[in-house]
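S.K.: One structure, as structure tokens, below. Some questions next.
The values are calculated or read from the model by the stated rules, or taken from the named source; none is laboratory data. All values reported here derive from a predicted model rather than from experimental measurement. Glycine gets a Cβ as well: all are built from the backbone with ideal geometry, and neighbour counts include every protein chain shown. Side chains included, ligands, DNA and RNA excluded: accessible areas come from the protein's heavy atoms. Shrake-Rupley method; radii C 1.70, N 1.55, O 1.52, S 1.80 Å.
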Amino acid sequence: MAVNFNQVEFIRSAASPKDFLRDGLPQLAFAGRSNVGKSSVINRLVNRKNFARVGASPGKTSQINYFRLDGAAYLVDLPGYGYAKVSKAERDRWGRLMEAYFASGLIAVGVQIVDARHKPTADDVTMANWFYDAGCPLVVAANKLDKLKKSEIAPNLELIRQTLDLREGDVLIPFSAEKGDGKAELMGWLAAAVENG
Ligand code: GDP
């Protein structure tokens, strides 16, 4: 069954584990450093301009946003990390929420957005390890591909693969939320994850 990514609706935000959705639909969990373009990637995927921000009120960095895709899966927008101007209290809230979500066993596939231009940060590596520890398959989208010269693409992708220590079977997709590169490939992997439950 193909998933129609245009058929998407905001369901709810969760600020604590009691608000996690547990209805058995596969959850596609999107993670990324603040400003890496996670919202833009999601918006590109669902063909909307401002969709990923719909459920997020300003300043609420520690909440998980759920969108239902075609009645078949949840696209789960995890709160971004690595934003310097966040209080310790907020960072702690973020950590508790993420730990609970990763321990919940609810993730069918992890989608990590990294910046195609740079070596993944220590936070990026930590996040990838959370997906590994949770036993999830991982799809990494190396976003902002449009900002690279052709000659930079292959070496940058290799650096990302090595730094995140991607396992056999993990997928690395060069992506541009701005131009649309990688969209079909990402949709294909996500649709396959939905079919596998
Ligand atoms: P988030 O904080 O991870 O949700 O990031 P946003 O989606 O808000 O994007 C952060 C900034 O990066 C914005 O100015 C976007 O326009 C820009 N951006 C996102 N994706 C791309 C991309 O693929 N190419 C380029 N050139 N800019 C992008």
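S.K.: Mind checking the dipole of the chain: about its Cα centre, +1 per Lys or Arg Cβ, -1 per Asp or Glu Cβ, Debye to the nearest 20?
M.R.: Rounded to the nearest 20 debye, it is 760 debye.
S.K.: Under a plain spin-label model, where a point goes 7 Å from the Cα along Cα-to-Cβ, how far apart in nm are D146 and R96?
M.R.: Once both label points are built, they end up 4.0 nm from each other.
S.K.: Report, ordered by chain and residue number, the lysines lying within cross-link reach of K88, taken as a straight Cα distance under 20 Å and ignoring same-chain residues fewer than 8 apart.
M.R.: K60
S.K.: Once you have all Cα-Cα distances for the chain, histogram them in 10 Å bins from zero and send the whole-percent values.
M.R.: 9, 39, 39, 12, 1
S.K.: Let me ask something else about it. Name the lysines eligible as straight-distance cross-link partners of K150: C-alpha to C-alpha under 29 Å, and not fewer than 8 places from it in the same chain.
M.R.: Result set, ordered by chain and number: K38, K49, K119, K179, K183.
S.K.: Let me ask another. Over its Cα atoms, what ratio of radius of gyration to 2.2 N^0.38 Å does segment 91-197 give?
M.R.: This ratio for segment 91-197 stands at 1.09.
S.K.: Taking the Cα centre of segment 67-197 as the origin and placing charges on Cβ (Lys, Arg +1; Asp, Glu -1), which of G95, I107, H118 is farthest toward the positive end of the dipole?
M.R.: Farthest along the dipole direction, towards plus: H118.
S.K.: Return the percentage of antiparallel bridges among DSSP beta bridges fully within the chain, rounded to the nearest 5 %.
M.R.: If we restrict to bridges inside the chain, about 35 percent are antiparallel.
S.K.: Given a 1.4 angstrom probe, what's the average accessible area per residue across the chain, in square angstrom?
M.R.: Per residue, the chain has an accessible area of 49 Å².
S.K.: A2 to N35: extension gain in nm, 0.36 nm per residue of separation minus the Cα-Cα distance?
M.R.: Additional length available on full extension: 8.8 nm.
S.K.: Could you report the accessible area of Y81 in Å², rounded to 10, computed with a 1.4 Å probe on the protein chains as they sit in the structure?
M.R.: It works out to around 10 Å².
S.K.: Run down the aspartates and glutamates and flag those whose C-alpha is under 15 Å from the C-alpha of K18, throwing out any fewer than 8 positions away in its chain.
M.R.: Partners found: E99.
S.K.: Take the solvent-accessible surface of the protein heavy atoms, probe 1.4 Å, and return the percent of it on segment 82-197 that carbon and sulfur atoms account for.
M.R.: About 51 percent, which is the carbon plus sulfur part of the accessible surface.
S.K.: Sticking with the crude label model, points 7 Å out along Cα→Cβ, report the distance from A103 to E9 in nm, one decimal please.
M.R.: Inter-label distance under the simple model: 3.3 nm.
S.K.: Moving on to the next point. Please list S104, S62, S151 in order of solvent-accessible area, largest first, computed with a 1.4 Å probe with all protein chains present.
M.R.: I get S151, S104, S62, largest accessible area first.
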